[in-house]
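Colleague: Below you'll find the structure I mean.
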Amino acid sequence: MSRRPTLAAVAEAAGVSTATVDRVLNSRLPVREATALRVIAAAERIGYHGAALMRERVSERAPMRTLGFCLQKRADSFYAAFGRAVSAAAARRAPVNCVAVVEYMDALEPAAIAAQLLALGKEVDAVAAVAVDHPHVTAAVETLAAQGKPVFTLLSDLSTPHRAGCIGVDQRKVGRTAGWAIRRLSPGEGTVGVFVGSHRYLGQEMREISFRAYLREHVPGLRVLDTQVNLEDAQLAFEATQAMLARHADLVAIYVAGGGTSGVIRALREEVLPRPVVTVCNELMPDRRDALIDGVIDLVIGTPVQRVAETAIEAMLRALEPGGPAVETAALTLPFELYTPENV
């Protein structure tokens, strides 16, 4: 008499692990719908006794939602941490059945970003992205919205009204807080340098504008230099910081409103400075923590990445519900964090 097919036999027939078959059978953790259906088909094909129960449980559960995230460069420690936070937040959504697909955009040209958004949109139900504001990108967002794929912006907004919402911190308050810190920590006279990765990141542009507005209002003795664009590149930021230090003997402060922070820190470490240069930057990554402790920089304004990830997933799932909001009525704004050498 032949043996009844086992769970291991189902796994082999479906090309998955026995743990995946167990999850489908017992609804322990969410499994992508396509995978679950492949397991069920294999179980029915080989006559596994639990096939009917598998199909019943899959039919009872909520539909699987696949959420796509387009983040910036994989090598950037901030975005690597952000990606881990997104994956962890999605895993905790059980038994709601959602999975996060995290992709990184190493090519930051607008056309490349737009192409990646459209490609990801074919595979997922909703998209969240960190992207520059450019006609190529907004056209991609509008295309996805027309296909019923809501697109949320993360950290930096887009100008298109077709985006489904924006999740991040209040960038105006971030810029003004940086200005407040420099007002309190600098001598009140001299020049101030500002860096952004790109003015096409609306979040960075708002930080810069608000920073300048605060200093213009409260510290007229500080002269803010023309903004340096470093294209989110550490080497460019390093060279630009070296040049800034060499040209401006009265430089008293630097605000890094965008990327390239590691290059700025490297230049400040390597130069022998006649006086301290008050430095404010964003996101508490390992190099910034070390720089705070060593007195190289003075304040880090941080994004609560775990809360941003959780809020984004909640908003995306809500937008996918029947009758859910097509467009959020307001940005989903979270409080930012402040780090000094005394609280890291």
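Colleague: Mind listing whichever residues of region 196-221 are outside any helix (DSSP H, G or I) and in contact with a Ser or Thr (Cβ under 7 Å, 6 or more places away or on another chain)?
Modeller: Val196, Tyr201 - these are the residues of region 196-221 that are outside any helix (DSSP H, G or I) and in contact with a Ser or Thr (Cβ under 7 Å, 6 or more places away or on another chain).
Colleague: Answer yes or no as to whether Asp287 is more than 18 Å from Gly260 (Cβ to Cβ), in contact with a Lys or Arg (Cβ under 9 Å, 6 or more places away or on another chain) and modelled with pLDDT of 95 or more.
Modeller: no
Colleague: Quick check on my filter: what residues within region 250-303 are among the acidic types (Asp, Glu), under 23 Å from Leu222 (Cβ atoms) and free of Cβ contacts under 8 Å to residues at least 40 places away in the same chain?
Modeller: Glu271
Colleague: Considering only residues of region 278-322 that are surrounded by 16 or more Cβ atoms within 10 Å (Cβ to Cβ) and in contact with a Pro (Cβ under 8 Å, 6 or more places away or on another chain), which is nearest to Leu334 (Cα to Cα)?
Modeller: Among residues in region 278-322 that are surrounded by 16 or more Cβ atoms within 10 Å (Cβ to Cβ) and in contact with a Pro (Cβ under 8 Å, 6 or more places away or on another chain), the one nearest to Leu334 (Cα to Cα) is Pro304.
Colleague: Would you confirm whether any residue within region 70-93 is modelled with pLDDT under 95, touching a helix residue (DSSP H, G or I) at 6+ places or on another chain (Cβ under 9 Å) and either assigned to a strand (DSSP E or B) or β-branched (Val, Ile, Thr) (or both)?
Modeller: no
Colleague: Further question on the same structure: Within region 130-146, count every residue that is free of Cβ contacts under 8 Å to residues at least 24 places away in the same chain and either among the charged types (D, E, K, R) or in contact with a helix residue (DSSP H, G or I) (Cβ under 9 Å, 6 or more places away or on another chain) (or both).
Modeller: Final tally of qualifying residues: 1.
Colleague: Now a separate question. Looking only at residues that are within 22 Å of the chain's Cα centre (by Cα) and of a type in the set (Lys, Arg) in region 177-212, which one is nearest to Thr311 (Cα to Cα)?
Modeller: The qualifying residue nearest to Thr311 (Cα to Cα) is Arg207.
The values are calculated or read from the model by the stated rules, or taken from the named source; none is laboratory data. The model shown is predicted, which means the values in this text are computed figures rather than measured ones. All Cβ positions, glycine included, derive from the backbone under ideal geometry; neighbour counts span all protein chains shown.
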